[in-house]
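Worksheet: the structure to be examined is printed underneath.
A short reminder: the numbers here are calculations on the coordinates, not readings from a lab. Everything numeric here is computed off the predicted structure, so don't read it as measured data. Because the Cβ atoms are built from the backbone with ideal geometry, glycine has one as well, and the counts that use them run over all protein chains shown.
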Amino acid sequence: MAMPILKRQFITDAAGNPVGVILPLEEFALVEGTLRQHLPAPGTADKLAQMEQAANDALFLTDLREAMSAFARIDAQWWEPTQ
């Protein structure tokens with residue numbers, strides 16, 4: 001069985017501008033140290049600020065409602081099976 005080969009994939013915005021990249025782990029390992037030096041880990045204050053912003057983010061709230069709806073259906077099937 002052949003292993004799938006993951007290649008570098010660019011993520012673009014709606015206008016087609018590159019905004020991110022998905023790297024195979026081998027390539028990520030090559031740049032991980034540099035990224036950690038230049039991109040500090042968010043602190044607690046940053047995380048709290050992001051959580052506060054999420055409460056007003058329409059896309060986040062839509063995703064949250066969809067996920068909760070999906071879980072509600074699955075929970076009902078799992079915990080309250082029909083006979």
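Find the residue count for the range 8-39, including only residues that are hydroxyl-bearing (S, T, Y) and more than 17 Å from the chain's Cα centre (by Cα).
1
So is P42 within 20 Å of the chain's Cα centre (by Cα), outside any helix (DSSP H, G or I) and not hydrophobic (A, V, I, L, M, F, W, C) or not?
On the way: within 20 Å of the chain's Cα centre (by Cα): yes; outside any helix (DSSP H, G or I): yes; not hydrophobic (A, V, I, L, M, F, W, C): yes.
Criteria met by P42.
Can you name the condition, by its number, that G16 falls short on among (1) without any contact (Cβ under 8 Å) to a residue 12 or more places away in the chain; (2) at negative phi?
Answer for G16: the failing condition is (2).
Scanning the range 21-35 for residues that are of a type in the set (D, E, K, R) and surrounded by 10 or more Cβ atoms within 10 Å (Cβ to Cβ), which turns out farthest from I11 (Cα to Cα)?
E32
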